[in-house]
Amino acid sequence: MKPSRVLIAAVAVVIVVAAAALIYYTQTPRAPYKITIYTGGTGGVYYPLGVKLAELLNKYSEGRITASASSSGASVANARALGAGDANLIFIQNDIAYYAYRGIYMFEGGRIEKIRAVAALYPEVIQIVVRADSGIKTIEDLRGKRVAVGAAGSGTAVEAEIILRVAGVWDQITPQNLDFTQAAEALKLGQVDAAFVVAGIPTAAVMQLAATTPVSLVEVPGDLLDKLRQQGYLFFVPFTVPAGTYSGLNRDTRTVAVMAMLAVSSDVPEDVVYTILKVMFDRIDELRQAHARAQDIRLESALNGVPIKLHPGAFRYFQEKGISVPQEIRP
């Protein structure tokens, strides 16, 4: 039985419509995807890096992304902005990203389930600062001492407590909630015996202190780092502060660091996140012009200390670059 002319005509119409749709969707450019980057205060590192990254995305994403960067309250505020949908790409410390994803510490009752990792950037060094003449050499020596552990509710305060608890000395110190500037002044005046500072090195507050009061750093030994990671704190990475970083620091000092990182909302399309990484690493020399800390941003260390699941777009990028992705952070 031969097909009717009507049926043949109907099939022809379907083929023409399908072909037209294919041409439309393959040749018609998509509208740019809007990326809103939350950074930090204008005097910090996140802000100039975020502004430069937005500039690079606008210039080199071939129309796929339109990006803007805003100053913000940094890590904790950025995670909450991402959860609320006010931002979809953020600068954040890796430990804060871990707390946000798990809904613990400052995120208890307010878990940010949609946060996903893009890449680790550079180390934020955990410095346990003491006066050079204090006689304090090890974490054990902090027993019975007054220790500035960071501003109340800060990431520094959480990190100090974690480290000192795992070391077994938290219950034997007198903690004081002071920010970096307050802690440096208190050390100078002898009001505290040690202070936790978490920042890129050299840190301005510590440099200013060391100019008049020589300082030393307390070692965080490798076995303590192993214990921290065994207890699930995968965001800590090893770091050595070189001798001479501060006046009075006459030896290399082993410690640990957390990592500044980029995180994104799980709502962002895979190809957009892939493009963000491609532009960032293809144009890394231009990004490094924005701030000296960007010298530490390298493809080979981009997964160091990443403690949460990667976005699928980031996973695809690192796989294509031959970077081994640990099983626990694969999407």
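Read-outs throughout are calculated quantities, based only on the coordinates presented, and are distinct from any laboratory measurement. The structure presented is a predicted model; accordingly, all values stated were derived computationally and were not measured. Here the Cβ positions follow ideal geometry from the backbone for every residue, glycine too, while neighbour counts run over all protein chains shown.
Observations
- Relative pair counts by distance (%), Cα atoms of the chain, 10 Å bins: 6, 24, 29, 20, 10, 4, 3, 2, 1, 1, 0
- With the simple model of a label 7 Å out from the Cα in the direction of the Cβ, Tyr60 to Met207 spans 2.8 nm.
- When each full DSSP H helix of the chain is screened for a Cα extent of at least 15 Å along its own axis and an average Kyte-Doolittle hydropathy of at least 1.0, the helices passing are 5-27, 155-167.
- Relative contact order for the chain, counting Cα pairs under 8 Å that sit 6 or more residues apart, in percent: 21
- Cα-Cα over 31 Å, subset of Lys145/Lys309; Lys278/Lys309; Lys145/Lys227; Lys114/Lys145; Lys137/Lys321; Lys114/Lys278: Lys145/Lys309; Lys114/Lys145; Lys137/Lys321
- Under 13 Å from Lys59, Cα to Cα: aspartates and glutamates that are on another chain or at least 8 residues apart: Asp282, Glu286
- Bridgeable aspartates and glutamates around Lys188 (alpha carbons under 17 Å apart, same-chain partners fewer than 8 residues away excluded): Asp133, Asp179.
- Springs between Cα atoms under 10 Å define the GNM used for the chain, and in it the highest mean-square fluctuation of Gln208, Gln93, Gln230 occurs at Gln230.
- Within straight-line reach of Lys34, meaning a Cα separation under 16 Å, sit the following aspartates and glutamates at least 8 residues removed in sequence or on another chain: Glu55, Glu62, Asp86, Asp267, Glu270, Asp271.
- Charged side chains reduced to their Cβ positions (Lys and Arg at +1, Asp and Glu at -1) give region 77-133 a dipole of some 180 debye around its Cα centre.
- Cα-centre dipole for region 160-241 with unit charges at Cβ (Lys and Arg positive, Asp and Glu negative), debye to 20: 100
- Fluctuation leader among Ala152, Ala194, Ala263 - the chain, Gaussian network, Cα springs under 10 angstrom: Ala152
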